[in-house]
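What follows is a single structure, written as structure tokens, with notes after it.
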Amino acid sequence: MPLAPVDESVMIKDLVLDPYPIYRRMRAETPVVRVPSVNRTLLTKAEFTKMVKDDAELFSSNDPESPMHPAFRAHTLMRKDGDEHRRERMAMQKAFTPKIIKTNWAQVYRDITAEYLDRLPRGETVDLYQEICGPVSARILIHILGLHGASDEDMMRWSQQLIDGAGNFGWDPDLFAITDRANQEMNVLIADCAERLRAEPDDSALSLMVNAADPIPWSQVEANIKIAIGGGINEPRDAMATIIYGLLTNPEQLEEVRRQEAWGAAFEEGVRWVAPIQCSSRVAMDDIQIGGCDIAKGDILMTVQASANRDEDLYEDSENFHVFRDKNVHQAFGSGPHHCAGAHIARRTVGEIMMPALFERFPNMTLPDPEAVKWRGFGFRGPINMPVTLN
Amino acid sequence: MVKVTYVAADGTRTTVDAAPGSNVMQTALDNDVDGIVGECGGAMMCATCHCYVDDDWTEKTGERHDGEDDMLDCAADEVKETSRLSCQIKLTEDMDGLIVHLPEEQA
Ligand code: FES
């Protein structure tokens, strides 16, 4: 069989600005395609992305060329397979269960959301992305992880720095110098918090890990917390901003969501439409064919779930935001062993708590100039501002 | 082929034909049975495929697998003695007629 075609025309900067027209063309013309600027083979159809993610033996997460390793100064569970991955993940998974959230945390999260909403002025135009989406996500994460003492600003900065480092495919030493400093700061905080949690255990992720009967190595405790910081702020923040945009630019849908209290469905559609994590890497462990193209052992594939989520085979009018779809089986949380560990939390905090609280507090909120909203990102994507008039 | 019946939380019953070797989660997805999400594709990492095996069938479906208990803790709905992750129930010929009940919520 032939090798996958090569697309020299696609540049990273185009993908950062607006990847969707590019993915749409790829789905139609070259669903398996080598893109030299990204140095990977992109898979843009839902069938292929799911197949690759579900088969961890044939498609390993252990990408040797991932900038994640230097960015996190660790071999994190994101880049591991099999039993080692499961053990490290399960060490903190219980802090992320629906039951723990419902019984122990839901009220705390409601209070946090209310407190941040209290600070907002009525009748003015405010950047919700800056004032709410990021800070509320950060504050809630501090509780989930057990990192009391961290500020919202620290959490948001670390999260962004880790993400920038993990996406540093150009291996820019300045970016790794920044993540080095962030790692030092986080290590100090994690050690302090661990000491406190050993004395006073709670249901936070860090407490579970340090108080476990058979704890994972300290290096992996640190790595797990950093992965959660990297993944636990941007994703709810971006999901929230995307859903706000989708609802405010489709007022008839917003009205119906309110009437039916369909915030969960709005959440699912938001993350389908613009998946906060747009793509992931996997390494082919054997020679194989995908979509009629030869993939050689060792090739690095990029599953583009952002594109899978708009696959015309699965969705009608896939490029647009429609809360009330018949079926909305999307891959925003991935699939297979690395299925997002925070999926339940995201659904409950963003979908069940943050969104209804915001729209209840400001029932006549408007987005006066949708064109003013800027979207960015290739690996991670969402709006970077959300100027909304609060009423 | 074996028959599997899914009983939704509201009592609606859906019976489908399944191939031995497939699992109860995948069979539901292949037949558009609502109430099972199976978001991790059977990797035992999402707990969105939770089901309660009908009392008459628990012997045939056997014990929970290694790690299944821990993941069941992550299920959205109440975990009972008959709770299983449906992706971990592999259908065999002698499960013809299997009945599983579905929880109200999966995510
Ligand atoms: S499908 Fe995810 S645990 Fe069964």
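The values are calculated or read from the model by the stated rules, or taken from the named source; none is laboratory data. None of the values given here were measured: they were computed from a predicted structure. Glycine also receives a Cβ, built like all others from the backbone with ideal geometry; neighbour counts cover every protein chain displayed. Surface areas here come from the heavy atoms of the whole protein model, side chains and all, with no ligands, DNA or RNA. Shrake-Rupley method; radii C 1.70, N 1.55, O 1.52, S 1.80 Å.
Some observations on this one:
- Those GluC sites (Glu not before Pro) in segment A:89-157 that DSSP places in a loop and that have at most 16 other beta carbons within 10 Å: A:Glu124
- Only lysines eight or more places from B:Lys80 in sequence, or on another chain, were considered; those with a Cα closer than 16 Å are A:Lys99.
- Taken across both chains, chains A and B shield about 1800 Å² of accessible surface from a 1.4 Å probe.
- For segment A:277-351, the set of trypsin sites (Lys or Arg not before Pro) satisfying both a DSSP loop assignment and a count of at most 13 other C-beta atoms within 10 Å is given as A:Lys297, A:Lys327.
- With all protein chains modelled, accessible area of A:Leu358 [1.4 Å, Å²]: 0
- Accessible-area composition of segment B:2-97, carbon plus sulfur, in percent [1.4 Å probe]: 39
- For A:Ser60, solvent-accessible area (1.4 Å; no DNA, RNA or ligand), Å²: 10
- Peptide A:337-344 is shielded by partner chain Cβ atoms: per residue, an average of 5 of them sit within 10 Å of its Cβ.
- Those GluC sites (Glu not before Pro) in segment B:1-71 that DSSP places in a loop and that have at most 11 other beta carbons within 10 Å: B:Glu63
- Cα pair distances of the protein assembly as shown binned at 20 Å [whole percent]: 23, 58, 19, 0
- Rounded Å value of the spacing that divides the Cα centres of segment A:196-236 and segment B:19-41: 33
- Over segment A:214-370, Cα pairs under 8 Å with separation of 6+ residues give a relative contact order of 25 percent.
- Within 10 Å of the Cβ of each residue in A:303-316, the mean number of Cβ atoms contributed by other protein chains is 0.
- Candidate residues A:Leu120, A:Leu314: accessible-area rank, largest first, probe 1.4 Å: A:Leu314, A:Leu120
- In segment B:2-97, Cα pairs under 8 Å separated by at least six residues give a relative contact order of 36 percent.
- Inter-chain shielding of A:87-93 (mean C-beta neighbours from other protein chains, 10 Å cut-off): 2
- For segment A:19-59, with all protein chains in place and a probe radius of 1.4 Å, 50% of the accessible heavy-atom surface sits on carbon or sulfur.
- When the C-alpha to C-alpha distance is required to be over 26 Å, the pairs from A:Lys50/B:Lys90; A:Lys53/A:Lys102; A:Lys13/A:Lys80; A:Lys13/A:Lys327; A:Lys327/A:Lys374 that qualify are A:Lys53/A:Lys102; A:Lys13/A:Lys80; A:Lys13/A:Lys327; A:Lys327/A:Lys374.
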